[in-house]
Structures are given as structure tokens and as C-alpha cells.
1. If you go through segment 34-53 one residue at a time, how many are under 25 Å from Leu145 (Cα atoms), surrounded by 13 or more Cβ atoms within 10 Å (Cβ to Cβ) and either more than 17 Å from the chain's Cα centre (by Cα) or modelled with pLDDT under 75 (or both)?
2. Can you confirm whether Ser198 is part of a helix (DSSP H, G or I), in the same structural domain as Phe91 (by TED's automatic domain parsing), hydroxyl-bearing (Ser, Thr, Tyr) and closer than 28 Å to Leu71 by Cα?
3. Assuming Gln104 fulfils every condition listed in (1) of a type in the set (S, T, N, Q); (2) closer than 30 Å to Asn161 by Cα; (3) without any contact (Cβ under 8 Å) to a residue 12 or more places away in the chain apart from one, which condition is it?
4. Give the residue that is farthest from Leu16 (Cα to Cα), with candidates limited to residues of segment 163-175 that are surrounded by fewer than 16 Cβ atoms within 10 Å (Cβ to Cβ) and without any contact (Cβ under 8 Å) to a residue 60 or more places away in the chain.
5. Mind telling me which of the residues Ala17, Ala70, Ala26 ends up being out of contact with any helix residue (DSSP H, G or I) (no Cβ under 6 Å at 6 or more places or on another chain), farther than 22 Å from Asn116 by Cβ and at pLDDT 95 or above?
6. With the requirement that a residue be over 14 Å from Gln122 (Cα atoms) and over 16 Å from the mean Cα position of the chain (by Cα), what does segment 79-104 give you?
7. Could you go through segment 138-149 and let me know if any residue there is in contact (Cβ under 8 Å) with a residue 24 or more places away in the chain and in contact with a Lys or Arg (Cβ under 9 Å, 6 or more places away or on another chain).
8. If you take the residues in segment 190-229 that are modelled with pLDDT under 90 and aliphatic (A, V, I, L, M), which one is nearest to Gly54 (Cα to Cα)?
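The values are calculated or read from the model by the stated rules, or taken from the named source; none is laboratory data. Everything numeric here is computed off the predicted structure, so don't read it as measured data. As a convention, Cβ positions derive from the backbone with ideal geometry for all residues, glycine included, and neighbour counts pool all protein chains shown.
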Amino acid sequence: MKQIALDIGLATGPTLASYFPGPNEAAWRHLELWAGEAQSVNPVRSPVPSYLWGARGSGKTHLLKAAQAALREQGARVGWLDAGMLDPPEFDEQWAAVIFDDVQLYSASQQQVAFNWFVNAQTHQRAVLAAGALPPVELKLRDDLRTRMGWGHVYQLQLLNESERRAVLRQSADARGVFLGDEVMDFMLTRFSRDLGSLLELLDLIDEYALQTKRAITIPLIKSMMEES
């Protein structure tokens, strides 16, 4: 069987607790503080912007969505902008923060919206969190937006190595209450996309198929699932 690349992302709700930091612990700890999770009373988020960058699969979107979820759990409203949003709303003064994902993909009109949100967030002392595939200096954005992305906290996210990806898969399987044997994990890592987001999505699909068919997670079950897809 040839390797299958699943170009799909996370389907479940990311949290800071479910993120496996590995070499990215500094960024993870920073976002715990940023979201106020490390403070028990009256969390205060710094108005200094934070920017994460790294290759696809390094966990940028996971961390951004986890930070968004953490704020929402506190009752806060958050502005979110990604490249797939063709008609983003106006800046809302009720937002506690604004979050920008995949900034390297923004169109000219999205860059204008992002600049407006950024300026308003700074004016109203709201937190700003952003992520992209490139360091700020290399972003092909309008200069006034690019420089703002890079003047605060900047963290590069590293891809997890194979043993760390295995640990994440094991942790995710345990959280679902399912057994993932070593041979099954070997099969997943050698026959499918090694991108962590895709692997976790694959685990979601396998778990759902196993529940539907009332079978244990084995290599034959995964092959059967792929044949039916």
C-alpha cells in the first residue's frame, strides 16, 4: 500500500492541557500565562503582542484555538481572523483579545482588517495573539502590519520528533479510552501523513469507525476503513 497523505486538520477542540509541548515548552508556558490559566484571581493579559511561527504541523493553530477556548471559558469574547474568512466583522470593543491565524495567507483586504483590529486592540489595551508559517521579518505583508506582528513576544515552534509524536498519539488514545498497539502506531506513522494534526485526525476517524463496527483498533480495521472511504 502506498503512503496516503491526509491533508486534514484537527476535528476536536484543542486545549492548552492537551498540547504536548516537547521542544515548544517556552511558547506553551507563555500562552498559559497569556490566557490567565496560571492565575487564580483577576488574570491580567499583557497588551504586548505575541507571535508564533513554524512549519505546518508544529501546533500553531492548536495553540491559538486553545488560547481562544481558555478565554471563552472565562466568559471573554475573542475576535478571530484566518485566511478562510472572506467577510470578517468590524472590531468589537467587547473583545478581550484578537487572534490572527495563518497571517502569511492574508489577502490585501484581510490585511487591512487585521491592521484595523491590531490598532484598535492596542488602543483599547486588548491582547493580541498571531501565528504564521514564517518569522515576522519574512512575512509578505504590508509593512505596518508586518512590523507590528514582530515587535512583541516571538516564538518559533519546532516539529515534534517521532518519539514525541508517538507520545502524543498514545496520550490522545488514552484520553479516548482506547488501546493503540505499537504495531498500529507503526502502521499509522509509516503509511499516512506524518503531520501531527493529520495523525490526530486519523485517530479520530479510526476511533469512530471502531465504535461503529464494534471492533478493536487493529491494522486490518484501518485497512477496512480506508477501503470503504
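1. Number of matching residues: 4.
2. Numbers: part of a helix (DSSP H, G or I): yes; in the same structural domain as Phe91 (by TED's automatic domain parsing): no; hydroxyl-bearing (Ser, Thr, Tyr): yes; closer than 28 Å to Leu71 by Cα: yes.
The answer is no for Ser198.
3. (3)
4. Ser163
5. Values: Ala17 fails: at pLDDT 95 or above; Ala70 fails: at pLDDT 95 or above.
On inspection, the qualifying residue turns out to be Ala26.
6. Met85, Leu86, Asp87, Pro88, Pro89, Glu90
7. Yes, segment 138-149 contains a residue that is in contact (Cβ under 8 Å) with a residue 24 or more places away in the chain and in contact with a Lys or Arg (Cβ under 9 Å, 6 or more places away or on another chain).
8. Leu196
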